[in-house]
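The values are calculated or read from the model by the stated rules, or taken from the named source; none is laboratory data. Everything numeric in this text was worked out from a predicted model, so none of it was measured. Every residue, glycine among them, receives a Cβ derived from its backbone with ideal geometry; neighbour counts consider all protein chains shown. These area figures cover heavy atoms from the full protein model, side chains too; ligands, DNA and RNA do not enter into them. Shrake-Rupley method; radii C 1.70, N 1.55, O 1.52, S 1.80 Å.
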Amino acid sequence: MFDRLRKALAPSGGPVTHKEVARWAASQQLAIVPQATEGHFDLGGDVGGHPWRLECGASTRDYVRGLELRGRADVGADPDAAVMVLNRPLQEALEGNAYSAITDTLQTTVDPHLPEEMRWLAMYEEVAWPGLPASFRRHFAVVAERGETAQSWIHAPVVSQLLDVVEGEGGAVRAQSPLLLMLVRGKVYLRMEHTQRSLPEIAQATQILLTAAQAALQNLPPAPMAGDAA
């Protein structure tokens with residue numbers, strides 16, 4: 001599947017249409033459900049026998065403008081694993097918003113009603129490890145409850161996919177657009193601004209989600225089976 005997704009896609013010259021997305025999805029052997037609104041859709045499939053879904057629709061976060069690409073892959077990882085990767089501009093914006101939310105209400109604890117990603121920035125530390133490229137650290141922050149979990153998940157293929165977003169074609173624009181990848185509750189989540197409204201951007205989001213899901217399946221312990229000793 002990854003080889004097919006990597007094939008170059010010629011830009012259409014305008015926002016991608018239902019027909020173009022449907023034609024591309026069929027070529028990748030992906031299930032697709034177009035929505036009534038032009039540009040909105042649901043893609044789906046499985047990775048390693050686990051279901052995944054990529055949705056394009058109206059943003060559900062204030063920091064994403066216009067359309068949003070939201071992905072989820074239920075990889076059955078240990079639900080205690082908690083890792084977040086986000087690009088630096090988004091990190092700075094969320095930290096500023098979280099600080100304002102706390103100080104404006106004279107709170108000394110993190111508001112549970114804040115979006116999860118904002119709470120994580122207040123709760124967890126940024127982590128790094130030998131071998132994590134300096135270029136990656138310039139563009140992205142990794143926040144985790146346990147650094148060893150982050151190191152196990154953010155392997156070279158995931159690093160490569162994320163760097164391609166900010167250093168590949170159109171990277172200067174994408175580097176400033178919100179991008180968030182999370183591992184939480186045994187699932188991999190992706191959130192991206194659909195900035196360019198193009199097929200290559202959809203293919204790229206799909207690649208990131210599937211690469212991150214595959215890395216979780218290969219490198220992280222699964223959720224304990226019912227009846228396992230505590």
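With respect to Leu90, is the statement that it is of a type outside the set (Gly, Ala, Ser), surrounded by 18 or more Cβ atoms within 10 Å (Cβ to Cβ) and modelled with pLDDT of 95 or more true?
Values: of a type outside the set (Gly, Ala, Ser): yes; surrounded by 18 or more Cβ atoms within 10 Å (Cβ to Cβ): yes; modelled with pLDDT of 95 or more: yes.
For Leu90, the condition - of a type outside the set (Gly, Ala, Ser), surrounded by 18 or more Cβ atoms within 10 Å (Cβ to Cβ) and modelled with pLDDT of 95 or more - is met.
Pairing each residue of the stretch 156-176 that is under 16 Å from Arg191 (Cα atoms) with any residue that is open to solvent by 20 Å² or more (accessible area, probe 1.4 Å) and assigned to a helix (DSSP H, G or I), provided the two are 6+ apart or on different chains, yields C-beta distances under 6 Å for Gln161/Gln207; Val166/His139; Gln176/Pro89.
Just one residue in the set Val173, Val142 is exposed (fewer than 13 other Cβ atoms within 10 Å of the Cβ) and of a type outside the set (Lys, Arg); that residue is Val173. From the set of residues in the stretch 199-219 that are in contact with a Ser or Thr (Cβ under 8 Å, 6 or more places away or on another chain) and open to solvent by 20 Å² or more (accessible area, probe 1.4 Å), which is nearest to Leu163 (Cα to Cα)? Looking at residues that are in contact with a Ser or Thr (Cβ under 8 Å, 6 or more places away or on another chain) and open to solvent by 20 Å² or more (accessible area, probe 1.4 Å), I get Leu199.
Which members of the stretch 31-87 meet the condition of being farther than 18 Å from Glu201 by Cα, charged (D, E, K, R) and open to solvent by less than 10 Å² (accessible area, probe 1.4 Å)? The answer is none; no residue qualifies.
Residues that are open to solvent by 40 Å² or more (accessible area, probe 1.4 Å) and on the phi > 0 side of the Ramachandran plot within the stretch 184-198 comprise Arg185, Arg197, listed in sequence order.
Among the residues examined, Val184 does not qualify as over 23 Å from Thr17 (Cβ atoms), in contact with a helix residue (DSSP H, G or I) (Cβ under 6 Å, 6 or more places away or on another chain) and touching a residue at least 12 places away in the same chain (Cβ under 8 Å).
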